[in-house]
Amino acid sequence: MYDVIIIGGGVVGSSIARELSKYDIKVLLIEKEDDVASGGASKANSAILHAGYDPVPGTLKAKLNVRGNEMFDELCKDLDVPMKRVGSLVAAFSQDEVESLYKLYDRGLKNGVKNISIISADMVKEIEPNINDTIVAALYAKTAGIICPYGFVIALAENAAQNGVEFVFNQEVISIDKEDDVFTVKTQDKEYFGKYIVNAAGLYADVINNMVSDKRFSIHPRKGEYLILDKEEGYLANTVIFQVPTKMGKGILVSPTVDGNLLIGPTSEDIYNKEFRKTTYKGLEKAIKGAKKSVEKFNERKTITQFTGVRAVPDVDGEDFIIGESDVKGFINVAGIESPGFTSSPAIAEMVGEILKDAGLNMVEKDNFNPKRKPVIRFNELTDEERNELIKKNPAYGKIICRCETVTEGEIIDAIRRPVGAKSIDGVKRRVRAGMGRCQGGFCSPRVLEILSRELNADPLNVTKFGGRSNVLTAKAKEYLINSYKELLKSGV
Amino acid sequence: MEYDIVIIGAGPAGLGAAVEAYEKGVRNILIIERDSYPGGILQQCIHNGFGLIEFKEELSGPEYAERFIEKVRKYGINMMLNTMVLNISSDKIVKAVNQENGVMEIKAKAIILAMGCRERPRGAISIPGTRPAGIFTAGTAQRYVNMEGYMPGKEIVILGSGDIGLIMARRFTLEGATVKAVVELMPYSSGLTRNIVQCLDDFGIPLLLSHTVIEIRGKERVEGVTIAQVDENKKPILSTAKYISCDTLILSVGLIPENELSKSAGIMLDPVTGGPLVNESMETNVEGIFACGNVLQVHDLVDNVTKEARLAADSAVKYINKMLIKEGRHIDVKAGSGIRYVVPQMVNYENIDDKVKFHMRPTDVYKNAYITVKSGDKQIIRKKMQRLTPGEMILIDVPKDKFLSDDLSPVGEITFEVEVV
């Protein structure tokens, strides 16, 4: 019997898991994919810490965004996650748009955002020499930042696991029943029992809620398409460059990534199928065209990959977050966490802790909670002396597996062996960046597959790209040939 | 560590250069290779067709490589395997790392770049759709089948008709998989004609020219692709869209010379070839650093890589013996109409022995055309060509005396053109 069962291993579920790991309670996190930050919005988004001037004052979004943003410095230090407070600009390219800047500025002040100002075209040019000359003014928010979104979630999950939270993967919740204050959570293979349920199922939070609560809601998918450009183009933006927001979102941005690439997107399009996560010609074109409004100079031919993210938009007034105990006692919803959900997540976790306490969960702080994740060795960032020490101790760090991003075998083995470790090619990629460079795994993926197969003691045929039936290889060589001969023999030819 | 010549890469270019440098008298040579065995991409090219020019016989890739590896062993040339070069400085210090020695700094009198090329991935050509398992570049698929002994799929569509894609179409078929189509964006194949005949035609695999993949479908594993014809601007004509069910999409959409290390040394690259700008001696703009093979320009035949490697090695030997002339009369080499690029991009007249071999590719398919070499209005060479296609390289030798103008001083520039009759 668990005290708390968290459903969903995105940034929200993992933040809550890590928060609850501070207390002497038994916590389980159930995820339907093979990894955290693997299925939904936490994997594919703008990778940004928002300052907090966008949400309407008084909303949960406003409060949690500003609080969440403040929490990242300490968190990233403790969890060894690279983050850069590069600041953000909302760029106005006409007088009309300047009006909107003032509205955002006012909101920012009301929301308690620190260090925001409206700056002139000249000052913008100083910060962003490559922004288009049509710039008129911008709202500059120094507290905005960039971060690797899945890297942060993985770090949270690892630290939660270090502190005793249990994780199960590849288990999809199919029903939840409550009897005598105990919830029975059924997945396709198993049953789990818990006193409290936290619904952090992202795009599917409606499905989970509607299994239990009579107060139904629905989550609509809103898709955004992105492109990632080669590091050669990374110099084109120093800050996160937004455009003036519209009803559909914060517009198309141009931003450096924490790893030095250039990110452009997202588009914003309501879709009707949550699994409809594909890129389209139209969408990619729109993202490129939209981004050119801010920075013309990027070369879209330097695109190394493209992806689609899906926002989980709730059908409630104002599209605010749905956070709180539902009509069913002990069942807590954390739903509709669209932007600025990532930035808000640490504050959401704090809030959920309070909600659980108020709902009667006895939460006693552990004396042995360790806030620090075991540091990650990043070969690429070491000095030569440090590298040599390391290789002497463990020669696996002397073998480069991914040449584009300079990732060693030692780092890959570590990513697999860590708590909540990598189990698939994409799991390795998201942890150590092997396969994220300009060749996109052409060189390293067979080698990563070999390491995974060896470390997990799995047949290479069973190694997947991202769990489920995403197997990379389909048969041993000659197998198809032998089978077809057998067929021929059977038919008597 | 100090060497006369450090060669980066033990593929056909690096091996060829090492053997040549040794045979020209240099003893203090080091080859650095990131793989655990030399031979480069030839290791996985188990088909034949290699060596027709070099050895006057038809060899497989590993056999071709082995001829050089044997010599490297016999000569006792130093080779560091499982070693990755991290960067090269313009003063010719190579920083590399391996498990035994950690990070090393290796000083070289001359460096020969022979890192080869890599395949263009999906992102670079922006195919929309989902991102499931089952999408491979042709070379990666070839490695799985020929070296690891696994099949990456059973029902296959190949996008792009580069040589590796064509070779893999045949390989998959021989392995009992089904290649449903080879889809090529251009109105012509970018592969060798002999490969189209031997790998597609002989097996009845359809080659769809002026077509492309417009969408990838499938959540976990590829379930199919939608293809469509393209118009003259390469835009898909949506009314021609057609769905092909398959579990695998193989990409053979181009090779990119692998020049990250060259950039770290301050070497200037040709935006068209993606390789360094070189002179007649295969020397880059950084004195004493030479380039050969696919890192310089993507070749169609390995035999030509070997030739180029010899030239680079000869030049490196001359350089360390102070026989390579730096000053002198320079001739610019230009790609004129119908020619995409020419390598080398410049010539120092003083360093020409008897002739300069130029490599180039045409921009389009031409029949019964001439390649002309001009200096100003003056025609230096005119050579009849049966058929020109971007998939096949053109080699033109220009004798030393042809670089001279009427007053016997070297010309300022020469231009290669396709002349259509």
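Quick check, is B:Gly129 of a type outside the set (A, V, I, L, M, F, W, C) and without any contact (Cβ under 8 Å) to a residue 24 or more places away in the chain?
On the way: of a type outside the set (A, V, I, L, M, F, W, C): yes; without any contact (Cβ under 8 Å) to a residue 24 or more places away in the chain: no.
No; evaluated as a whole, the condition is false for this residue.
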Legend entry - Neighbours by Cβ (under 7 Å, 6+ apart or cross-chain): first from segment B:233-258, without any contact (Cβ under 8 Å) to a residue 60 or more places away in the chain; second surrounded by fewer than 22 Cβ atoms within 10 Å (Cβ to Cβ) and in a loop (DSSP other than H, G, I, E, B): B:Lys234/B:Leu185; B:Ile237/B:Asp231
Legend entry - Enumerated strands (runs of 3 or more DSSP E) restricted to segment A:128-192, each holding at least 3 residues that are closer than 26 Å to A:Glu33 by Cα: A:166-168, A:173-179, A:182-187
Legend entry - Neighbours by Cβ (under 6 Å, 6+ apart or cross-chain): first from segment B:99-124, without any contact (Cβ under 8 Å) to a residue 40 or more places away in the chain; second hydrophobic (A, V, I, L, M, F, W, C): B:Gly102/A:Ile391; B:Val103/B:Val97; B:Gly123/A:Ile304
Legend entry - Top-ranked residue of segment B:245-270 - restricted to ones that are among the hydrophobic types (A, V, I, L, M, F, W, C) and in a strand (DSSP E or B), ranked as farthest from B:Ser90 (Cα to Cα): B:Leu249
Inset, instruction - State which residue pairs qualify: first residue in contact (Cβ under 8 Å) with a residue 40 or more places away in the chain and inside segment B:362-384, second residue polar (S, T, N, Q) in any location, beta carbons under 6 Å apart, and separation of 6 or more residues or different chains. - result: B:Val365/B:Thr389; B:Thr372/B:Gln379; B:Lys374/B:Thr415
Legend entry - Checking A:Ala415 against (1) in a helix (DSSP H, G or I); (2) within 11 Å of another protein chain (Cβ to nearest Cβ), the condition it does not meet: (2)
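Per-residue answers, yes or no, for (1) part of a strand (DSSP E or B); (2) farther than 28 Å from A:Thr464 by Cα; (3) not assigned by the TED database to the domain that holds B:Thr389:
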residue	(1), (2), (3)
B:Ile216	yes, no, yes
B:Ser239	no, yes, yes
B:Tyr243	yes, no, yes
B:Val272	no, yes, yes
B:Val286	no, yes, yes
B:Phe290	yes, yes, yes
B:His299	no, yes, yes
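Residues B:Asn82, B:Asn98: which one is on the phi > 0 side of the Ramachandran plot, of a type outside the set (Val, Ile, Thr) and within 7 Å of chain A (Cβ to nearest Cβ)?
Step by step, each of B:Asn82, B:Asn98 is checked, and only B:Asn82 is on the phi > 0 side of the Ramachandran plot, of a type outside the set (Val, Ile, Thr) and within 7 Å of chain A (Cβ to nearest Cβ).
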Inset, instruction - Please list, ordered by first then second residue, the pairs with beta carbon atoms under 8 Å, 6 or more apart or interchain, first in segment A:451-475 and within 13 Å of B:Met151 (Cα to Cα) and in contact (Cβ under 8 Å) with a residue 60 or more places away in the chain, second surrounded by 15 or more Cβ atoms within 10 Å (Cβ to Cβ) and of a type outside the set (D, E, K, R). - result: none
Inset, instruction - Could you please find all residues in segment B:132-155 being within 7 Å of another protein chain (Cβ to nearest Cβ), among the charged types (D, E, K, R) and touching a residue at least 12 places away in the same chain (Cβ under 8 Å)? - result: B:Arg143, B:Lys154
Inset, instruction - Of all residues in segment A:444-471, count the ones that are in contact with a Pro (Cβ under 7 Å, 6 or more places away or on another chain) and within 7 Å of chain B (Cβ to nearest Cβ). - result: 1
Legend entry - Options B:Asp406, B:Asp401: the member that is surrounded by fewer than 16 Cβ atoms within 10 Å (Cβ to Cβ), free of Cβ contacts under 8 Å to residues at least 12 places away in the same chain and either in a loop (DSSP other than H, G, I, E, B) or in the same structural domain as B:Ile164 (by the TED database) (or both): B:Asp406
Inset, instruction - Please give the number of the condition A:Pro375 fails out of (1) surrounded by fewer than 22 Cβ atoms within 10 Å (Cβ to Cβ); (2) at pLDDT 95 or above. - result: (2)
Inset, instruction - Being touching a helix residue (DSSP H, G or I) at 6+ places or on another chain (Cβ under 7 Å) and not aliphatic (A, V, I, L, M) is the filter; apply it to segment A:379-390 and report the residue that is surrounded by the fewest Cβ atoms within 10 Å (Cβ to Cβ). - result: A:Arg387
Inset, instruction - Scan (1) touching a helix residue (DSSP H, G or I) at 6+ places or on another chain (Cβ under 6 Å); (2) free of Cβ contacts under 8 Å to residues at least 40 places away in the same chain for the single condition A:Asp96 breaks and write down its number. - result: (1)
Legend entry - Output for segment A:231-287, where each listed residue is closer than 24 Å to B:Leu238 by Cβ, within 14 Å of chain B (Cβ to nearest Cβ) and in a loop (DSSP other than H, G, I, E, B): A:Thr267, A:Ile271, A:Asn273, A:Glu275, A:Phe276, A:Arg277, A:Lys278, A:Thr280
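To keep it simple, each residue is scored yes or no on (1) within 14 Å of another protein chain (Cβ to nearest Cβ); (2) part of a helix (DSSP H, G or I); (3) on the phi < 0 side of the Ramachandran plot.
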{"position": "A:Val334", "(1), (2), (3)": "no, no, yes"}
{"position": "A:Phe342", "(1), (2), (3)": "no, yes, yes"}
{"position": "A:Met351", "(1), (2), (3)": "no, yes, yes"}
{"position": "A:Glu354", "(1), (2), (3)": "no, yes, yes"}
{"position": "A:Asn362", "(1), (2), (3)": "no, no, yes"}
{"position": "A:Asn370", "(1), (2), (3)": "no, no, yes"}
{"position": "A:Val376", "(1), (2), (3)": "no, no, yes"}
{"position": "A:Ile391", "(1), (2), (3)": "yes, yes, yes"}
{"position": "A:Tyr397", "(1), (2), (3)": "yes, yes, yes"}
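Taking the criterion of being facing chain A (nearest Cβ under 10 Å), out of contact with any Leu (no Cβ under 9 Å at 6 or more places or on another chain) and under 24 Å from B:Asp300 (Cβ atoms), would at least one residue in segment B:238-248 satisfy it? I'd like the intermediate steps shown before the answer.
Residues of segment B:238-248 that are facing chain A (nearest Cβ under 10 Å), as a first pass: B:238, B:247-248.
Cutting the leftovers down to out of contact with any Leu (no Cβ under 9 Å at 6 or more places or on another chain) gives us B:238, B:247-248.
Within this subset, residues satisfying the condition of being under 24 Å from B:Asp300 (Cβ atoms) are none.
No.
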Legend entry - Residue count for segment B:178-213, restricted to those that are within 14 Å of chain A (Cβ to nearest Cβ) and either surrounded by 24 or more Cβ atoms within 10 Å (Cβ to Cβ) or modelled with pLDDT under 95 (or both): 2
Inset, instruction - Among residues belonging to segment B:91-108 that are touching a helix residue (DSSP H, G or I) at 6+ places or on another chain (Cβ under 9 Å) and surrounded by fewer than 17 Cβ atoms within 10 Å (Cβ to Cβ), point out the one that is nearest to B:Lys307 (Cα to Cα). - result: B:Glu105
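With the structure loaded, tell me whether A:Ser294 is at pLDDT 95 or above, within 21 Å of the chain's Cα centre (by Cα) and among the polar types (S, T, N, Q) or whether it fails that test. Before you say what the answer is, go through the steps one by one.
Values: at pLDDT 95 or above: yes; within 21 Å of the chain's Cα centre (by Cα): no; among the polar types (S, T, N, Q): yes.
Spelling it out, it is not the case that A:Ser294 is at pLDDT 95 or above, within 21 Å of the chain's Cα centre (by Cα) and among the polar types (S, T, N, Q).
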Legend entry - Close pairs (7 angstrom Cβ cut-off, 6 or more residues apart or separate chains): within 21 Å of B:Cys292 (Cβ to Cβ) and free of Cβ contacts under 8 Å to residues at least 40 places away in the same chain in segment B:313-340, part of a loop (DSSP other than H, G, I, E, B) and of a type in the set (A, V, I, L, M) anywhere: B:Ser315/B:Met282; B:Ser315/B:Leu324; B:Lys318/B:Leu324
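Looking at this structure, is A:Ile322 out of contact with any His (no Cβ under 7 Å at 6 or more places or on another chain), over 28 Å from A:Arg433 (Cα atoms) and surrounded by 17 or more Cβ atoms within 10 Å (Cβ to Cβ)?
Details: out of contact with any His (no Cβ under 7 Å at 6 or more places or on another chain): yes; over 28 Å from A:Arg433 (Cα atoms): yes; surrounded by 17 or more Cβ atoms within 10 Å (Cβ to Cβ): yes.
Yes.
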Legend entry - Pair list, Cβ under 9 Å, 6 or more apart: segment B:16-42 residue over 21 Å from B:Val302 (Cβ atoms), other residue surrounded by fewer than 23 Cβ atoms within 10 Å (Cβ to Cβ) and of a type in the set (Gly, Ala, Ser): B:Arg27/B:Gly76
Inset, instruction - Check B:Ile164, B:Ile158, B:Ile127 and return the single one that is in a helix (DSSP H, G or I) and more than 8 Å from every other protein chain (Cβ to nearest Cβ). - result: B:Ile164
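The values are calculated or read from the model by the stated rules, or taken from the named source; none is laboratory data. What you see is a predicted model, and the numbers here were worked out from it, not measured in a lab. Neighbour counts are summed over all protein chains in view; Cβ atoms, including those assigned to glycine, are modelled from backbone coordinates with ideal geometry.
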